[in-house]
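S.K.: Mind having a look at this structure? Questions to follow.
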Amino acid sequence: MNSRGAAQVPPRPSIAPPAPAPADPYEHSDAPRWLKFLWRTLAPRHVFGGLALLLFPFVATPFFTFQVAAQALVLGLIALSLGFLAGYGGMVSLAQMTVAGIAGYAMAVLGTSSSPEISLGWPWWVAVPAAVLVATLCATLIGWLSVRTEGIYTIMITLAIGVAFYYLVLQNYSVFNGFQGLRELKPPTVFGVHWRDPLPFYFLSLFWALAGYALVRYVVRAPFGIALQGIRDNPRRMAALGFHVVAHRVAAYALAGLIAAVGGILLAWYNALMTPGSVGTGWLINLLVIAVLGGVKHPIGAFLGALVFVLLQTFAIDVIDRERFNLVIGGMFLLIVLFSPDGLLGLWAKLRSRFGPPQTLTSTPRRQA
């Protein structure tokens, strides 16, 4: 036996235990589920972000409020439907702008427009819900047709549906008024407020954007959302466990269609018109670019991608020709796909992990032999 005694074993660093989470005051109460959801999901950054969004239009110019912020919220809401399908369902659909266009055209046909011989003249409180319902049913039908395929075949089917709808509205004059489209689609004046003015329209878009964001955050934590993510990862195992794979996927398309339909109504009010150019193949691809730019695995990524897209669309023409805007968007899309497949949010997470503060370690001495 060595007379010098047992060798000293250097202390082994261990990760410090995380700080205890704050107690949930609603854990054993009969509070509504939405109140429990807000308590468990809201963080200080959400509160500061919400305050910034509320105060933004009071310090920004009407141009930034309407042309940039409101447009980004509307496009982000439509892109959120695509991000929900792709990120949590594993289904890349290029027909989400088509669903939004169906809602916009349905509202124009059922409500009022510049073509009274086409529009039926229903009041807005009937035309808008009916248009959302029609678009949601069409999204459900699109999902029923496409969920039995995967990968490139799903993309091609939804792209074919989008192209078919584009040529339908382009060549049909009796219902859609052909290439001229339906114009003067303005939101109603309610409570004496002109909702297409920059400030009211911004808050209208913000309300529905936050509602769509909260809905997706809630659904992905609900049993349906968890089952949908399981189907995304391993549909055969989920089917063996008794889950109806096709029904879950079709329901996901219906929910995404509801979100896209609300965004389509807002888009029609923002542009004050619906034309074939609103649902052309260019916008089908642009919506995919918006979702991928922000990150399809994060609900907030759709709005971040939409903001970047709108900023480039608005100010890039001051630097380059308007005809080369798609080249800039394509270059950014290529860079994001190559260096950060999870979008700008994924790139931010990588930068934080690399340049952020190191994880705190503590030393716990081992007992000597």
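The values are calculated or read from the model by the stated rules, or taken from the named source; none is laboratory data. Everything quoted here is computed from the prediction, not taken from an experiment. All Cβ positions, even for glycine, are placed from backbone atoms using ideal geometry, and neighbour counts span all protein chains on display. These area figures cover heavy atoms from the full protein model, side chains too; ligands, DNA and RNA do not enter into them. Shrake-Rupley method; radii C 1.70, N 1.55, O 1.52, S 1.80 Å.
S.K.: Could you work out the Rg to Rh ratio of segment 144-188, with Rh taken as the Kirkwood radius (inverse of the mean 1/r over all Cα pairs)?
M.R.: Looking at segment 144-188, the ratio lands at 1.19.
S.K.: Please report, in whole Å³, the volume per residue of the convex hull around the C-alpha atoms of segment 95-184.
M.R.: Hull volume over Cα atoms, normalised by residue count, gives 80 Å³.
S.K.: Using protein chains only and a probe of 1.4 angstrom, how many square angstrom of I157 are accessible, to the nearest 10?
M.R.: Surface open to solvent at I157 totals about 50 Å².
S.K.: Run the 1.4 Å probe and let me know the accessible area of W283, rounded to the nearest 10 Å².
M.R.: For W283, solvent-accessible area is about 60 Å².
S.K.: To continue, here is another question. Would you compute, for the Cα atoms of segment 245-305, the largest minus smallest coordinate along each principal axis and list the three values in descending order, in whole Å?
M.R.: 38, 25, 20
S.K.: Now a separate question. Seen from all sides and averaged, what is the projected area of the convex hull of the Cα atoms in segment 99-138, in nm²?
M.R.: Mean projected area of the Cα convex hull: 2.4 nm².
S.K.: Would you please calculate the Kirkwood hydrodynamic radius of segment 124-260 over all C-alpha pairs and express it in Å, rounded to one decimal? The partial results should precede the final answer.
M.R.: On the way: mean 1/r = 0.0561 Å⁻¹.
Value: 17.8 Å, from the Cα pair sum.
S.K.: Stretch W122-L210 to full length: gain in nm at 0.36 nm per residue minus the Cα-Cα span?
M.R.: The W122-L210 span can extend by a further 28.9 nm.
S.K.: Separate question: Quick one: in segment 270-314, what % of C-alpha pairs are over 12 Å apart?
M.R.: Taking all Cα-Cα pairs of segment 270-314, the fraction more than 12 Å apart is 63 percent.
S.K.: How would T189, T154 rank on accessible area, largest to smallest, probe 1.4 Å?
M.R.: Accessible-area ranking of T189, T154, largest first: T189, T154.
S.K.: How large is the accessible surface of S113 in square angstrom, using a 1.4 angstrom probe and rounding to the nearest 10?
M.R.: 20 Å²
S.K.: Okay, next question. For segment 199-306, compute Rg over Rh where Rg is the Cα radius of gyration and Rh is the Kirkwood radius from the inverse mean 1/r over Cα pairs. Don't skip to the end; give the middle numbers.
M.R.: Values: Rg = 16.1 Å, Rh = 15.7 Å.
We get a ratio of 1.03 for segment 199-306.
S.K.: Pop a pseudo-label 7 angstrom from the Cα along the beta-carbon direction at both F58 and Y218 and give the gap in nm to one decimal.
M.R.: For the pair F58/Y218, the computed spacing is 2.8 nm.
S.K.: Would you kindly compute the Cα radius of gyration of segment 126-166 and its largest Cα-Cα separation (Dmax), both in Å?
M.R.: 12.1, 39
S.K.: Still on this structure, I have one more. So if we plug the beta-carbon distance of A160 and V246 into 1/(1 + (r/R0)^6) with R0 = 25 Å, what FRET efficiency do we get, rounded to 0.05?
M.R.: 0.80
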